[in-house]
Amino acid sequence: MTTEMQEIAITEEKPLLPGQSDAVKDAEMAARILLDQGQEHRVETPHGVLHATVHGTGNARRPAILTFHDVGMESKSCFSTLFKFEEMQEIVKNFTVVHVDAPGQEDGAAIYPAGYQYASMDQISEMIPAVLQYFNFRTIIGVGVGAGAYILSKFTLSNPEAVEGLVLVNIDTNARGWMDWAAQKLSNLTSSLTDQILSHLFSQEEMSANTELIQTHRERISKSPNLINIELFWKSYQGRRDLNIDRNNTFKCPVMLVVGDQAPYEEAAVECNSKLDPTTTSFLKMADAGGMPQLTQPSKLTEAFKYFIQGMGYMASSCMTRLSRSRTTSLSSSYSMEGSRSRSRTLSQGSQGGQLPPSPSHTMEVSC
């Protein structure tokens with residue numbers, strides 16, 4: 001006996017009205033654009049208003065990823081390349097991401113009047129609790145670059161219970177010494193504000209090469225309509241205080257330090273690394289990354305970030321690709337294989353949330 005298959009036409013009981021399908025498509029497109037651009041908010045804090053852009057809804061049981069940018073940049077120019085990178089989307093879709101702009105640094109910010117008393121680095125760090133309260137974030141994973149790394153470090157030392165992890169790019173935890181102060185005074189007389197900030201963002205080798213990246217940032221800063229605001233943020237960072245971090249006064253959460261091998265703050269990052277707890281700290285030195293690894297090496301930084309999050313107990317099933325395949329060849333040759341296994345456990349363990357396994361001796365340094 002054979003059974004014949006018959007084609008049956010099913011008519012929709014309530015067909016779409018004329019033009020409704022186009023309206024639905026337009027709504028879906030608008031939703032995708034909104035998700036990509038993020039939702040912008042103005043958050044009132046004890047020291048003024050902060051601009052914040054939120055992407056995604058994430059998982060309420062997970063910390064939010066909160067970013068803070070460097071001087072001469074805002075959240076878009078500092079983090080868009082990294083967070084829009086294709087391989088980063090696996091992370092973005094699993095977490096709420098909020099990009100915070102320092103006061104007056106966002107696109108379209110009002111110009112501060114002459115004599116305006118700009119917030120200090122300490123005061124800016126004291127604004128972040130209001131952001132967490134505004135969005136009802138219980139905890140965060142902080143991602144900061146340069147001045148943003150300093151601000152998030154200051155916040156974490158004061159609010160250890162609110163931070164589950166820190167990714168600090170180009171961190172300098174020290175106040176300026178007398179030599180730095182004198183050099184800055186001389187620079188103020190001989191260099192434009194744009195050149196001063198560029199020398200903070202890039203190494204002398206990068207500046208001499210005058211790449212397209214340098215030219216782009218030079219033009220963006222010099223032609224910025226809120227250049228006065230940028231200068232105030234720059235002066236605030238120059239007046240930062242020493243964080244006084246040492247093994248007895250350090251972060252209570254896992255930390256990943258990131259610096260390019262040509263970055264102007266390489267020595268400062270190495271010094272910071274020596275002061276942190278080696279059992280909860282990883283140090284990533286990125287080859288050919290320069291002063292902005294989040295822009296020039298987003299693939300490697302994304303992969304390292306995945307390791308870091310997995311070590312905290314999140315995204316345990318995440319697929320590790322590039323760094324996992326090249327880990328044994330990319331480890332600095334000055335370290336032993338026992339050390340490499342130590343770092344692998346630190347950055348890859350995903351079955352045990354929150355607690356990182358101890359390192360036998362010191363933080364691992366990786367050159368990618």
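Couple of notes before you dig in:
- Extension reserve of the residue 41-residue 227 stretch, reckoned as 0.36 nm per residue once the Cα distance is removed: 64.7 nm
- The phi-based Karplus calculation (6.51 cos²θ - 1.76 cosθ + 1.60; θ = phi - 60°) puts the 3J(HN,Hα) values of segment 194-201 at 4, 5, 4, 5, 4, 5, 7, 7 Hz, whole numbers, x for Gly and Pro.
- Ordering of 290-302, 104-116 by burial proxy (mean other Cβ atoms within 10 Å per residue, highest first): 290-302, 104-116
- 20 Å reach of a label modelled at residue 212, 7 Å along Cα-to-Cβ, counting backbone N of segment 46-87: 77-86
- Amide H contacts under 5 Å for residue 241: none, restricted to partners 5 or more places along the chain or on a different chain, H placed in the peptide plane at 1.01 Å from N.
- Taking all protein chains together and a 1.4 Å probe, the residues 62, 42 rank 42, 62 from largest to smallest accessible area.
- Sequence ranges 191-204, 65-78, ranked by mean other-Cβ count within 10 angstrom, highest first: 65-78, 191-204
- In the structure shown, the pairs 154/306; 252/275; 84/306; 84/300; 154/252 are assessed against 22 Å; a Cα-Cα span above that value is assigned to 154/306.
- Heavy-atom accessible surface of segment 123-272: percent carbon and sulfur, 1.4 Å: 49
- Were the residues from residue 287 through residue 271 laid out at 0.36 nm apart, the gain over their Cα-Cα distance would be 3.9 nm.
- Hz values of 3J(HN,Hα) by residue in segment 158-165 - Karplus curve (6.51, -1.76, 1.60), Gly and Pro given as x: 8, 9, x, 6, 8, 10, 8, x
- Distant-in-sequence amide H partners of residue 143 (H built 1.01 Å from N, under 5 Å): 66, 67, 68, 167
The values are calculated or read from the model by the stated rules, or taken from the named source; none is laboratory data. These figures come from a predicted structure and were not determined experimentally. Don't worry about glycine lacking a Cβ; one is built from the backbone with ideal geometry, like all the others, and counts go over all protein chains shown. Surface accessibility is based on the protein's heavy atoms, side chains included, excluding ligands, DNA and RNA. Shrake-Rupley method; radii C 1.70, N 1.55, O 1.52, S 1.80 Å.
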